[in-house]
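One structure is given below, encoded as structure tokens.
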Amino acid sequence: MKKGAAATRRSEQRKLAFADNELVQTLFGQQNQHLRLLDRLLQIKSNVRGNEVILEGPEPEILLAARTLEELYELLLAGYPLAGQDVQYALRLLRDQPEIDLKTIFLDSIFLTGLKRRITPKSLNQKNYLQAIRQFDMVFGIGPAGTGKTYLAMAMAVAALSNNECSRIILTRPAVEAGEKLGFLPGDLFEKVNPYLRPLYDALHDMMDFDKASQLMQRGIIEVAPLAFMRGRTLNNAFVILDEAQNTTSEQMMMFLTRLGFGSKAVITGDVTQIDLPSGTTSGLKEVREILKDIQGITFIYFNKNDVVRHPLVQDIILAYETYQKRRATAGPARLSPRDNDHG
């Protein structure tokens, strides 16, 4: 068995040469860290000689590594600022979707003038998400944590404000009482709901200078508020983001969707596997997928674990939870182990 396996996994070599010595340094990474990452992920070996690299390992992995390096080099030639995590994203894209061209994804960027930086999609779904936000007035981004749903929507909102495509940004999310009653928390109403809004502030301050963001919030050009504050309003010429929409009730979702005024755009994000509503309460996000699926001008983008752009462990964690939940569903309550029923 082992000898047969060894024969089918026979080691191959492939040499790649790149013309631009300066770009090659960026491609290989500081102290060849990008190559070492490919070595670890694909279980191959790389040996650098100037502007050349010799790849050694099983043929499928060598071909994938070579294509990854060649396409990343093309991105560098196009002016793309390659970062370490891009190597991992590129490898994952080319492994899962061999027909894809990395330039069509990585070069579709959002330029944030204030910070002079570009934010780029890292997966095909993320690229489709950006295109949908540009094309449609109402977009739903649904998927697990870490897939860039809120982050990319925030980047599009900040860019739209900078380009005078909207006059204000409104960021909102439901303040769901997950185990702790708001009335028992210290402080006034703003202090009670502020922890629920903290992730929106964090994303905003990652896209915009802190003082600039604070100034715009004081002037009402950027508003961060709990969903309940949207009732009775008409939101004209605004870029509106509803985050954590899985925790809206049916009534709250309808209330929010009918706030949209002229010249406005709404992006609704959420993860239907992470609902914190009381038992028996229908999630507005789950329900709206059926209600609005045939309305023109509205589109749904669905993300999955392959779109996760956080620490590599996050993707593994999501997969582990999916496997565990499927196992529990298959086993049924009578066959769960004592540990599964331990609430301590």
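The values are calculated or read from the model by the stated rules, or taken from the named source; none is laboratory data. Since this is a predicted model, take the numbers as computed values, not measurements. Because the Cβ atoms are built from the backbone with ideal geometry, glycine has one as well, and the counts that use them run over all protein chains shown. Only protein heavy atoms, including side chains, enter the accessible area calculation; ligands, DNA and RNA are left aside. Shrake-Rupley method; radii C 1.70, N 1.55, O 1.52, S 1.80 Å.
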Ile222's amide H: which non-local residues (gap 5+, or another chain) put their own amide H closer than 5 Å, with H modeled 1.01 Å from N in plane and none for Pro or chain starts? Ile169, Met217
Taking every DSSP beta bridge with both residues inside the chain, roughly what % is antiparallel (nearest 5)? 40
Cα gyration tensor of segment 231-277, axes a ≥ b ≥ c as square roots of the eigenvalues: rounded (a/c below 1.5), prolate (a/b > b/c) or oblate? oblate
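Please list Ser250, Ser162 from largest to smallest accessible area, probe radius 1.4 Å, with all protein chains kept in place.
Ser162, Ser250
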Inter-label distance for Arg40 and Thr113, nm, one decimal - labels placed 7 Å from Cα along Cα-to-Cβ: 4.0
Could you work out the relative contact order of the chain, using alpha carbon pairs under 8 angstrom and six or more residues apart, expressed as a whole percent? 16
Amide H contacts of Ala266 (H built 1.01 Å from N, under 5 Å, at least 5 apart or other chain): Met138, Val139, Val240
Could you give the distance between the Cα centres of segment 146-162 and segment 241-267, to the whole Å? 16
In the full protein assembly as shown, how much of Glu56 is accessible to a 1.4 Å probe, in Å² to the nearest 10? 80
Dipole of the chain, Cα-centred, from +1 at each Lys and Arg C-beta and -1 at each Asp and Glu C-beta, to the nearest 20 debye? 560
About its Cα centre, how strong a charge dipole does segment 59-168 have in debye, to the nearest 20, once Lys and Arg get +1 and Asp and Glu get -1 at the Cβ? 560
With a/c under 1.5 counting as rounded, go ahead and sort segment 1-121 into rounded, prolate or oblate using the C-alpha gyration tensor (a ≥ b ≥ c being the square roots of the eigenvalues; past the cut-off, prolate if a/b is larger than b/c, else oblate). prolate
With every protein chain kept in the model, how would you rank Tyr73, Tyr129 by accessible area, 1.4 Å probe, largest at the top? Tyr73, Tyr129
Cβ-Cβ FRET estimate between Thr330 and Glu22, R0 fixed at 51 Å, reported to 0.05: 0.40
Heavy atoms only, probe 1.4 angstrom, no DNA, RNA or ligands counted: give me Thr330, Thr258, Thr26 ranked by accessible area, highest first. Thr330, Thr258, Thr26
With a probe of 1.4 Å, find how much accessible area the chain has per residue, and write the answer as a whole number in Å². 55
Applying the gyration tensor rule to the Cα atoms of the chain (axes a ≥ b ≥ c; rounded if a/c under 1.5, else prolate if a/b exceeds b/c, else oblate), the class is oblate
Of the listed links Lys116/Lys265; Lys15/Lys127; Lys265/Lys293; Lys127/Lys265; Lys103/Lys149; Lys265/Lys326, those spanning more than 26 angstrom between alpha carbons are Lys15/Lys127; Lys265/Lys326
Carbon and sulfur: what percent of the chain's accessible surface (1.4 Å probe)? 51
Theoretical gain in end-to-end length, Glu59 to Lys293 [0.36 nm per residue, Cα-Cα removed]: 79.8 nm
The answer for Thr147, listing residues at least 5 apart or on another chain whose modeled amide H is closer than 5 Å to its amide H, is Val309
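Run through segment 1-108 and list the trypsin sites (Lys or Arg not before Pro) located in a DSSP loop whose Cβ has at most 12 other Cβ atoms within 10 Å.
Qualifying residues, ordered by number: Arg10.
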In deg cm²/dmol, rounded to the nearest 500, the helical mean residue ellipticity at 222 nm of the chain, built from -39500 (n - 2.57) for every DSSP H run of length 4 or more, is -13500 deg cm²/dmol
Whole-Hz ³J(HN,Hα) for each residue in segment 228-235, computed from phi via Karplus 6.51 cos²θ - 1.76 cosθ + 1.60 with θ = phi - 60°, x for glycine and proline: what do you get? 4, 6, 7, 4, x, 9, 10, 9
Positive end of the dipole of segment 1-160, charges at C-beta (+1 Lys, Arg; -1 Asp, Glu), about the Cα centre: which of Asn51, Pro81, Gly143 has its Cα farthest in that direction? Gly143
